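Chemist: Quick one: the structure is below, questions incoming.
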Amino acid sequence: MKDIYSEILALQERGEAGVLATLVERSGSGSRPVGTKMLILDNGETVGSLGGGLLEAEVIRHGAEVLESGEPRLVTISPPGGEEDRCGSRTVVFLEPILAGKNLIIFGAGHVGRAVAGMAMLAGFQVTLVDDREEEIGSQVGTDARFLLRSVEHFFADINVTAKTYLLICTRSHTMDLEVLRQALRTPAEFVGLLGSRRKRENFFATLRREGVAEDELQRVVCPVGLAIGAVTPEEIGVAVVAQLIERYRKGSSSAGTYVPATQ
C-alpha cells in the first residue's frame with residue numbers, strides 16, 4: 001500500500017496520470033481480499049496486483065478507458081462463459097483516475113506574473129515563480145506559491161520540467177525573455193508560453209533560427225499567449241492566460257494563443 005501511494009505522489013510530481021484500481025467486492029475464490037489496490041500507469045505498467053490472470057488483464061483494459069475519459073468507473077468482471085476460475089466468479093473493482101498534476105512555472109514575478117500566479121492557484125495549478133529581483137520575490141501572491149530567487153543564467157537550476165509542465169515567460173525585458181526562452185527550449189515542456197505580440201514572436205524566432213534552433217522546437221512556443229478576450233490589465237491578462245492553460249489541460253489543444261497585449 002505504501003508503495004502505491006508513494007508512486008501516486010511521484011506521478012503527480014512528474015506531471016503524469018494513472019488509474020487507481022480498488023477491489024470492492026468478490027464472490028468465489030480469490031487470492032486478494034477486498035480493499036486490495038493496484039495502480040495502473042499510463043504506459044500500461046502496474047504497481048501492486050489484484051491477483052493476476054484474466055481478472056487483472058480486464059481491469060487494465062478498463063483502466064485505459066478510464067484514463068482516456070477521466071471519469072471514475074465501477075466495473076463488474078466475471079470469467080468467460082460464466083465459469084468460475086481462481087480469480088473468483090464475480091469481482092467488482094472501482095477505477096479512479098489520477099489526473100496529471102498541473103504544474104506552472106512563471107519566469108518573471110512582476111505585475112503580470114503575480115496576477116497569473118494568483119489566478120492559476122485558484123484554478124488548482126501548482127505554481128512556481130522565478131525572478132532575479134528579491135523585492136519581487138518578496139511580493140507574496142499566496143501561501144501555496146513557490147518562490148525562487150535566481151540569476152537569469154540559472155533560472156532552470158534544480159527545477160524539474162517534464163513534458164506536462166507549463167512554462168510562462170514574462171520577465172521585465174525582451175533581452176531576458178529571449179534568454180529564458182533559449183533555456184526553456186532545452187526542456188521537454190510542450191507548452192512554452194511567451195507574453196508578447198506577434199512581432200515579438202517573429203523577431204525572437206528569427207534570432208533563434210540563426211542560432212540553429214529547429215522549426216519543430218519553435219512550434220512549442222505559444223506567443224501571443226492567452227485567449228483573445230481583449231485583456232489589458234495584469235488581472236485580465238491573468239484570466240486570459242490561465243483560461244488557455246485550462247483549455248490545454250482539459251482538451252490537449254495545440255492551438256496558439258490569440259491574445260495581443262495592448263502595449264505591444
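Chemist: In contact with a Gly (Cβ under 6 Å, 6 or more places away or on another chain) and on the phi > 0 side of the Ramachandran plot: which single residue out of Gly226, Gly230 fits that description?
Modeler: Gly226
Chemist: Return the pairs, sorted by first residue and then second, in which the second residue is among the hydroxyl-bearing types (Ser, Thr, Tyr), the first residue lies in segment 32-44 and is closer than 16 Å to Ala17 by Cα, the beta carbons are less than 6 Å apart, and the residues are 6+ apart or on different chains.
Modeler: Cβ pairs passing all conditions: Met38/Thr46; Met38/Ser49; Ile40/Thr46.
Chemist: Now, a different point. Name the helices (runs of 4 or more DSSP H) wholly inside segment 170-264 in which the number of residues that are in contact with a strand residue (DSSP E or B) (Cβ under 9 Å, 6 or more places away or on another chain), crowded, with 16+ Cβ neighbours inside 10 Å and modelled with pLDDT under 95 is 2 or more.
Modeler: So the answer is 234-251.
Chemist: For segment 1-26, enumerate the residues that are of a type in the set (A, V, I, L, M) and at pLDDT 80 or above.
Modeler: Hits for segment 1-26 are Ile4, Ile8, Leu9, Ala10, Leu11, Ala17, Val19, Leu20, Ala21, Leu23, Val24.
Chemist: Where in segment 68-150 are the strands (runs of 3 or more DSSP E), entirely inside, with at least 2 residues that are at pLDDT below 80 and surrounded by fewer than 20 Cβ atoms within 10 Å (Cβ to Cβ)?
Modeler: Because the criterion is at least 2 residues that are at pLDDT below 80 and surrounded by fewer than 20 Cβ atoms within 10 Å (Cβ to Cβ), no strands (runs of 3 or more DSSP E) in segment 68-150 meet it.
The values are calculated or read from the model by the stated rules, or taken from the named source; none is laboratory data. Nothing here was measured: the structure is a model prediction, and the numbers come from that model. When we count neighbours, we look across all protein chains shown, and the Cβ atoms used for this are built from the backbone with ideal geometry, even at glycine.
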